[in-house]
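For reference, the structure is listed below as structure tokens.
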Amino acid sequence: MSLQPPRDKRTSLADAVALVGDGAIVALGGGLSARLPMAMVRELVRQGRRGLHLVGSAHSIDVDMLVAAGAVRRCEESYVGFEQDLGLAPAYRRAAEEGSIEVAESCCVSLLAQLRAAEMGVPFLPVRGVRGSDIAGLHPEYATITCPFTGETLIAVPALRPDVALLHAPSGDRYGNLHLEQPYVLDERFASASRTVIATVDELVSTEEVMASGITIPGHLVAATVPAPFGAHPASCYPRYAYDRGHLREYVSAAQSGPDDLGKYLTTYVYGSEESYQAAVGAERLAALTGWSRSTAAWQELFA
Amino acid sequence: MSWTIDEWFVVALARTIRPRETVFHGFGSPCAQVAMHVARRTYAPEMVLIEGAMYAINPDPPFIPPTSNDASLSRGAAYSMRFEEFFDAAIRGDVDRMFLSGGQIDVSGNTNVTAIGPVSRPKVKLGGGGGGCNLSATIGHLTLWTTRHRSGHTLVEACDFITDIGHRTPLGTRAELGFTGGGPQWLVTELGVFDFAGGRARLVELFPDVSLAEVRAATGFPVQAAGDLRAVRPPSAAELAAVRSVDPLGVRTSEFSPRELARTFEPAAFGRGAGQDCAC
């Protein structure tokens, strides 16, 4: 595989997400409440994708919605949930308890080593922990090795090359150069380790602008880029918008309640387009989220 | 001046931090999060506070939000580490302490944040351990905590699934496994405080409205109590002020049941010196 050529990478959301095949290993960018690639997640649901193997560190509504929609075969994240705020991820939890998804819970450190091995073009890298933890039992693909230099026992984790990485950035240019704000999470590692990188951007900007902001992920790693305002919603994409706690609560409640209420959520928000999604969320709500920086009180109010 | 159990609990967690330590907390850990900022504002101004999944170094957040990677958490930080910068530092031994909890915690300090029941068909699939199964091997010291001790289901004889590694697992002790970090040092619960003398949890402090009998009844392993078992030292005015100013949203309270939150304490019950700034 070679690096991506310098051409116009702009495409539609539908065409970009069509690059994710059934059964693909999909790396989800962002994490928890920040820069989740939600426009692409919704499009995967619209396109009825099946059998996906998801990889990532700590995630929430992105994984849960894909599981709820029946798109997932295997989950390999270090955490899936809504933290102390909204608790366990309802669809993920139910699927794990029913046995309808393969649970391959991982560890941030192991995953990082696996991605780095792929980036470095070597078959494995060692990690210092895992032995003694039952996480080891979820990963028969790991191996126990003896260090040839120190004689210590370590766990070798195999290189991981996701088929597709789905990343959301606040801005980027037509060549796929992306500017990210912290938390970068694993996006930079995914961009180098994955075979195909698709990015949505809140705003398409000129090359001069993205250079001035700072190119975090270069266009030679990116295959397709899609302008998608509020493309991370209900996750945050600072400095543009904070996360939408009320919407997350609405989703969790629907997913917890059962297939009928979940179906209503998907019909209201997902099955149309990104334009109809934003209309359903409401301009007033989106304005409140973009207004987080008006004052500390305004910011704090979003989390009350 | 009075205070509630959630405030006292956070102070007890903060007190496990030693001055100048490099300290981290993971996902979904509001009590630990607030405790770290309280420590930095009171006895440990020179600690290196790594703020959650923003990996911000020594920030000054205006409030603690209900999620561990919101940008509010990095306000005031000159630098935020990348994900890999933090985990590299932790694995090579440069992080002195982190806080870990669990749906189950056993006498050796192994914790379960993966699954209650068999993992192939769990009764409850929990959120997951984040970096725990590697971090627990290499971080200097661990402070464990739970606010669900009284349920009787949390401190258990043996975890259904060991996510994060304590002092002894079925595969061997930390020394036998060659782990470089010291493992669990403290376990703070809403009933009292344990240390890990000899690699096994040992009760060293009790909250004053809790009896040893209650602790035994809520604990799934035999409770060894220290010979000098004492009451948890009441919070000082400075510590309480720090809790309240760090956490105006009260995210710490999300970890407690309403019954626990009703536990209120007053200095009059503790005699001379209690509730004031003290060096004890």
Subset of region B:112-129, residues touching a residue at least 40 places away in the same chain (Cβ under 8 Å) and either more than 8 Å from chain A (Cβ to nearest Cβ) or closer than 13 Å to residue A:87 by Cβ (or both), comes to B:112, B:113, B:116, B:117, B:118, B:127
From the option list A:212, A:232, single residue qualifying as free of Cβ contacts under 8 Å to residues at least 24 places away in the same chain and of a type outside the set (Val, Ile, Thr) is A:212
Only one of A:174, A:189 is in a helix (DSSP H, G or I) and not hydrophobic (A, V, I, L, M, F, W, C), namely A:189
Among B:200, B:168, B:252, the single one that is touching a residue at least 24 places away in the same chain (Cβ under 8 Å), surrounded by 21 or more Cβ atoms within 10 Å (Cβ to Cβ), of a type in the set (D, E, K, R) and over 26 Å from residue B:1 (Cβ atoms) is B:168
Of the listed residues (A:141, A:203), the one being in a strand (DSSP E or B), of a type in the set (Asp, Glu) and more than 12 Å from chain B (Cβ to nearest Cβ) is A:203
Going through region B:50-62 in order, the residues found to be more than 11 Å from every other protein chain (Cβ to nearest Cβ) and either surrounded by 23 or more Cβ atoms within 10 Å (Cβ to Cβ) or under 19 Å from residue B:249 (Cα atoms) (or both) are B:50, B:59, B:60
Flagged in region B:130-164 as surrounded by 20 or more Cβ atoms within 10 Å (Cβ to Cβ), small (Gly, Ala, Ser) and more than 8 Å from chain A (Cβ to nearest Cβ), in numbering order, are B:140
Somewhere in region A:135-147, is a residue in contact with a helix residue (DSSP H, G or I) (Cβ under 7 Å, 6 or more places away or on another chain), among the hydroxyl-bearing types (Ser, Thr, Tyr) and buried (at least 24 other Cβ atoms within 10 Å of the Cβ)? no
Of the listed residues (A:104, A:117, A:69, A:91), the one being in contact with a Pro (Cβ under 8 Å, 6 or more places away or on another chain) and either more than 10 Å from chain B (Cβ to nearest Cβ) or of a type in the set (A, V, I, L, M) (or both) is A:117
(Q) One residue is enough: does region B:187-195 have a residue meeting the conditions outside any strand (DSSP E or B), within 14 Å of chain A (Cβ to nearest Cβ) and either at negative phi or touching a helix residue (DSSP H, G or I) at 6+ places or on another chain (Cβ under 9 Å) (or both)? (A) no
Among (1) in a loop (DSSP other than H, G, I, E, B); (2) without any contact (Cβ under 8 Å) to a residue 40 or more places away in the chain; (3) in contact with a Pro (Cβ under 6 Å, 6 or more places away or on another chain), residue B:109 falls short only on (2)
Going by the conditions given, is residue B:228 among the acidic types (Asp, Glu) and within 20 Å of the chain's Cα centre (by Cα)?
no
Only unsatisfied item for residue A:223, checking (1) surrounded by 14 or more Cβ atoms within 10 Å (Cβ to Cβ); (2) within 14 Å of chain B (Cβ to nearest Cβ), is (2)
Of (1) under 24 Å from the mean Cα position of the chain (by Cα); (2) under 26 Å from residue B:171 (Cβ atoms), residue A:143 fails just (1)
### Message
Can you find a residue that is within 20 Å of residue A:78 (Cβ to Cβ), buried (at least 24 other Cβ atoms within 10 Å of the Cβ), free of Cβ contacts under 8 Å to residues at least 60 places away in the same chain and more than 8 Å from chain A (Cβ to nearest Cβ) anywhere in region B:89-97?
### Response
no
The correct count of residues that are in contact with a Cys (Cβ under 7 Å, 6 or more places away or on another chain), within 28 Å of residue B:83 (Cβ to Cβ) and more than 10 Å from chain A (Cβ to nearest Cβ) in region B:99-110 is 1
Here the residues within region A:116-134 that are surrounded by fewer than 20 Cβ atoms within 10 Å (Cβ to Cβ) and assigned to a helix (DSSP H, G or I) are A:116, A:119, A:120
If you go through B:20, B:15, B:40, the only one that is at pLDDT 95 or above, closer than 30 Å to residue B:264 by Cβ, out of contact with any helix residue (DSSP H, G or I) (no Cβ under 8 Å at 6 or more places or on another chain) and more than 12 Å from every other protein chain (Cβ to nearest Cβ) is B:40
(1) of a type in the set (Gly, Ala, Ser); (2) within 13 Å of chain B (Cβ to nearest Cβ); (3) without any contact (Cβ under 8 Å) to a residue 40 or more places away in the chain; (4) buried (at least 20 other Cβ atoms within 10 Å of the Cβ) all hold for residue A:254 apart from (2)
If you go through A:239, A:229, A:259, A:234, the only one that is within 14 Å of another protein chain (Cβ to nearest Cβ) and either out of contact with any Pro (no Cβ under 9 Å at 6 or more places or on another chain) or farther than 25 Å from residue B:71 by Cα (or both) is A:234
Over region B:188-197, the set of residues surrounded by 20 or more Cβ atoms within 10 Å (Cβ to Cβ) and touching a residue at least 24 places away in the same chain (Cβ under 8 Å) is B:188, B:189, B:190, B:191, B:192, B:193, B:196
Among residues of region A:150-171 being within 14 Å of chain B (Cβ to nearest Cβ) and assigned to a loop (DSSP other than H, G, I, E, B), the residue farthest from residue B:172 (Cα to Cα) is A:150
How many residues of region B:63-88 are facing another protein chain (nearest Cβ under 8 Å), farther than 17 Å from residue A:245 by Cβ and not in a loop (DSSP other than H, G, I, E, B)? The answer is 5
Among the residues of region A:206-232, the number that are in a strand (DSSP E or B) and among the hydroxyl-bearing types (Ser, Thr, Tyr) is 1
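The values are calculated or read from the model by the stated rules, or taken from the named source; none is laboratory data. Keep in mind it's a predicted model, so treat the numbers as computed, not measured. Here Cβ is always computed from backbone atoms with ideal geometry, including for glycine, and neighbour counts include all displayed protein chains.
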